[in-house]
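Report on the following structure.
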Amino acid sequence: MSTSVLYDAPGPKAMTRSRVISVVGILLIVGGLVWLAFALGAPKTSANGAVQPGLWDPTRWDVFNDLVVWRALGKGALATLSMAGVAAVFAILLGIAFSFGRASENAWIRRPATIILEFVRGMPVLLMMLFILLVFSTGSFWAGVAALAVYNGAIIGEALRAGIKSLPRGQREAGLAIGLTPLATRFRIEFPQAFRQMLPIIIAQLVVLLKDTSLAFVVGYPELLREGIYNLSGFFGNRYAFSFFFVVLAIYLAMNLSLSWLARIIARRTGSHSGGVTAIAELDSTTLGGESAALGIGGAGGDGARGDSR
Amino acid sequence: MDAVIENLPKFLEGFGNTLALLGLAGVGALVIGIVVAAMRISPVPSFRAFATVYTELVRNTPLTLVLFFCATLLPYLQFQPGYFTLAAIGLTVYTSPFIAEALRSGVNGVPVGQAEAARSVGLTFGQSLSFVIMPQAIRMVIPPLINVFIALTKNTSVAGAFFVFELFGAARQVTNDRGDEVIAILLAVAFFYLVITIPLGLIAGKVEQRVAVLR
């Protein structure tokens, strides 16, 4: 949908009005950005009288000629990615285990799984990291990996359970009817469909996981934030802190946005030929606001609607 | 256990600060989120584009980075209202796009026929939004909004790492003093968090059921 049903196709008068508001809006936004740029670029006098040149001054950026800086940034990015990668594998495995536990027919498995899940979902990841670090003295890497895996595993588990629940009942009945055991039915009939349906949500959760690796900064893991801003500005002086911040921010955005983009592509692909998500996609494309269907899934299904917005 | 009991005042002080952060950042994020969501569905293209870019950028920035910026870089710009305020600002900014997305998904969840009906009986953009769409959207929006607030509650723990004495800060300080009872201390702090998050989750579930019946 290119136009929204919320308002008519604009006539000449509304068109000019909309154009005027649009231009004013652009001017306001650009004005704000220009003001910000100037505010950052203005030289600052600190309390002790030393004058620091503005942010756009070359002396604030010359540090990036130094290879050491890039090596440190690369090391930090690699540390972040390796933590995210290891944690993602464990999170998906744990998520599968959680979903089986919660969907189990045996109350002795289902109840404890539910309690553990609720407990884990209500706790801050940071507290879990500190807990694992102090109680099991694992070192910061494994503390971070374990906390991220448990927390995101719980979320992925819930998503998978919702996926299993949303399947038509006939799928399970058909599996049982051809003589598969309940477990085999779950593994070979229900689970593959649920996983495929929930893949966009799982990937959106992995973006959250990648973002959350920065929490390991607090427990002392040398990831991108610690290596890139904290250590480097400690070494080269605080006048570079802003420059380092913007570069690290750009690296994070590049990593997260490309993963989100991948999630969107997969959402569009799986959306075309599987039951549940198609329903969501259709619902989204026929609703208000004029956004594309895939965006609706990525945004709403990902973390907007589910709200596990870490 | 006695480490928990003798440090109870510290935990309660931390709990109070966590609640204060939650309240301040929650209200602030709600205000910004409503503005951004309104821009996102508005007829003016430049507002829509700005809101989209804002949402995407802030949502993909790690919270630790946002709070690091607020706590250690903003003071360089001669902006020093204290670490508590700085953390509240950071949490507000970080949470606002999630609120905007929750609101937008609520508006998107209203069947298109409702808007068409409103338009066809001659209501204007403002009237159809305020009389037809919003009353339905607000109901659908409450559960995801509560989920955003649950996430915000947990996110306030990151402020504890940036010089704010809230629950996580209290946990760190007390575990430093009493290394022998780490498990009891951390379980006590976890309990305080669950006191906020689990009731919120239950309310969200109840509201969701009600809405499901209504539709």
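Per-residue mean of other chain beta-carbon atoms within 10 angstrom of the beta-carbon, peptide B:147-156?
Partner Cβ neighbours, averaged per residue: 5.
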Losing no less than 30 Å² of accessible area (probe 1.4 Å) relative to the isolated chain, the residues of segment B:5-45 are B:Arg40, B:Ile41, B:Pro43, B:Val44
The answer for chain B, accessible area per residue at 1.4 Å probe in Å², is 41
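Among A:172-181, A:218-227, what's the highest-first ranking by average C-beta atoms within 10 angstrom per residue?
So the order, starting with the most tightly packed, is A:218-227, A:172-181.
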Expected field for A:Phe136, accessible surface area in Å² at 1.4 Å probe radius, rounded to 10, holds 130
Computed, not fitted: 222 nm per-residue ellipticity of chain B from DSSP H runs ≥ 4 (each -39500 (n - 2.57)), nearest 500, equal to -26000 deg cm²/dmol
Contact-by-burial set, segment B:58-83, min loss 10 Å², accessible area of protein heavy atoms with 1.4 Å probe, reference chain alone, gives B:Arg59, B:Asn60, B:Thr61, B:Pro62, B:Thr64, B:Leu65, B:Phe68, B:Phe69, B:Leu73, B:Tyr76, B:Leu77, B:Gln78
Note on chain B: helices (DSSP H) long enough, at least 24 Å by alpha carbon along their axis, and hydrophobic enough, mean Kyte-Doolittle at least 0.0, are B:8-40, B:83-109, B:134-159, B:182-214
Ranked output for segments B:55-64, B:37-46 by mean other Cβ atoms within 10 Å, highest leading, reads B:55-64, B:37-46
Reduced to Cα centres, the span from segment A:172-209 to segment B:58-113 in Å works out to 36
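Could you order the peptides B:110-121, B:138-149 from most to least packed, using the average number of other C-beta atoms within 10 Å per residue?
Working: B:110-121: 15.7, B:138-149: 21.9.
Ranking, from highest mean packing down: B:138-149, B:110-121.
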Each residue of A:199-207 has, on average, a number of other protein chain C-beta atoms within 10 Å of its C-beta equal to 0
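Between B and A, buried accessible area summed over both sides at probe 1.4 Å, in Å² to the nearest 100?
It comes to approximately 5800 Å² buried between B and A.
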Note: A:233-245 gets an average of partner chain Cβ contacts (10 Å, Cβ to Cβ) equal to 2
In segment B:12-118, the chymotrypsin sites (Phe, Trp or Tyr not before Pro) that sit in a DSSP loop and have at most 12 other Cβ atoms within 10 Å of their own Cβ are B:Phe79
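Using only alpha carbon pairs under 8 Å that are at least six residues apart, calculate the relative contact order of segment A:152-210 and give it in whole percent.
After rounding, I find 51 percent.
Could you tell me what percent of the accessible area of the protein assembly as shown is made up of carbon and sulfur, with a 1.4 Å probe and every protein chain present? List each step's numbers first, then the result.
On the way: 16410 of 23620 Å².
In the protein assembly as shown, the share of accessible area belonging to carbon and sulfur is 69 percent.
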Per principal axis, largest first, the Cα atoms of the protein assembly as shown extend in Å by 73, 68, 46
Chain B, convex hull of Cα, quarter of hull surface, nm² -> 14.3
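The values are calculated or read from the model by the stated rules, or taken from the named source; none is laboratory data. Since this is a predicted model, take the numbers as computed values, not measurements. No Cβ is skipped: glycine too gets one built from the backbone with ideal geometry, and neighbour counts run over all protein chains shown. Calculation scope for accessible area: heavy atoms of the full protein, side chains included, ligands and nucleic acids excluded. Shrake-Rupley method; radii C 1.70, N 1.55, O 1.52, S 1.80 Å.
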